[in-house]
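The values are calculated or read from the model by the stated rules, or taken from the named source; none is laboratory data. Because the structure is predicted, anything quoted here is derived from the model rather than measured. Positions of Cβ are backbone-derived with ideal geometry, glycine not excepted, and every protein chain shown enters the neighbour counts.
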Amino acid sequence: MLLAVDIGNTNVVLGAIEGAECRCFWRLSSDTRRPADEYAALLFRLFEMDGVDARSFNGAVVGSVVPALSGVFDAALRRTTGIAPFHVTHESRLPVRNGYRNPTEVGIDRLANAAAAVKFLGAPVLVVDLGTAVTVDVVSRRREYLGGAILPGIEMSAEALARRTARLPVTSPDDAGPMIGRTTADSIRSGILHGLVGAVDRIIEGIWAELGYTTATIATGGLAAYLTARSRHVRRVERDLTLVGLAAIWRLNTRNSRGKPKKN
């Protein structure tokens, strides 16, 4: 069993991966002020609640877009699992070729999403990740990660409206309801949520036009189900896409010449 850790700007998501499935799933807030021993204590409690022996993992992989937390989780994971985790970097071997103009600029989570999407659907494929920011990423027919688009996430958009206007409230990212909002809060929800679906569909269509062909599509993130229920082009949801991608990259980088995973 492999422990996969996705360190994002808002949350740290962890999963116990067996094959291509996530047996258990945990979420913590990303807090750069929290030391390694506090994170270790939290991990022990989370594992215990789900009946997972912290020492039962045969490997650990970390993908981080928050450098300040990378070392913290390295220490926390060593303490809880006894394993030195493998950190995915831009030098790691990938199931796709990184075709970004500056390969080191692309987030590790985006590369992990691309790796998992190819595993699930093959290439070409397009990934929509609805997190703190919304990313739309493309893998070509030749399994080359090309890049994509980034736009503000739901909560980021709602907070920006509230911060930059005098009388608009912060709204929660609930179901948008009807297109015509009859209150200010409903109008904000309608604009943000319906607008997000429209923006994603338009970006997908523009990407297909640039490629000259259509692709498979897959979504992940907290509002992925909301998107797929309304999008013209996105139908499949995989909650654990990033974790599965990190696991695929770990396997690719830790196999010896006999094709078996190395022991840490």
Notebook entry, point to check: Can you tell me which residue in region 16-33 is surrounded by the fewest Cβ atoms within 10 Å (Cβ to Cβ), limited to those that are closer than 21 Å to Ala68 by Cα and not hydrophobic (A, V, I, L, M, F, W, C)?
Noted result: Arg33
Next item on the list: Starting from region 137-163, keep only residues that are within 12 Å of Val127 (Cα to Cα), then list their pairs with residues that are assigned to a strand (DSSP E or B) and polar (S, T, N, Q) whose Cβ atoms are within a distance under 6 Å, requiring at least 6 positions of separation or different chains.
Entry: Tyr145/Asn98; Ile150/Thr135
Notebook entry, point to check: Just checking, which of Gly259, Gly181, Gly198 is outside any loop (DSSP other than H, G, I, E, B) and either modelled with pLDDT of 90 or more or more than 19 Å from the chain's Cα centre (by Cα) (or both)?
Noted result: Gly198
Checklist line | Looking only at region 161-178, and only at residues there that are in a loop (DSSP other than H, G, I, E, B) and of a type in the set (Gly, Ala, Ser), the one that is modelled with the highest pLDDT | finding: Gly177
Notebook entry, point to check: So, in region 38-86, of the ones that are in a helix (DSSP H, G or I) and among the polar types (S, T, N, Q), which residue ends up nearest to Asp6 (Cα to Cα)?
Noted result: Ser70
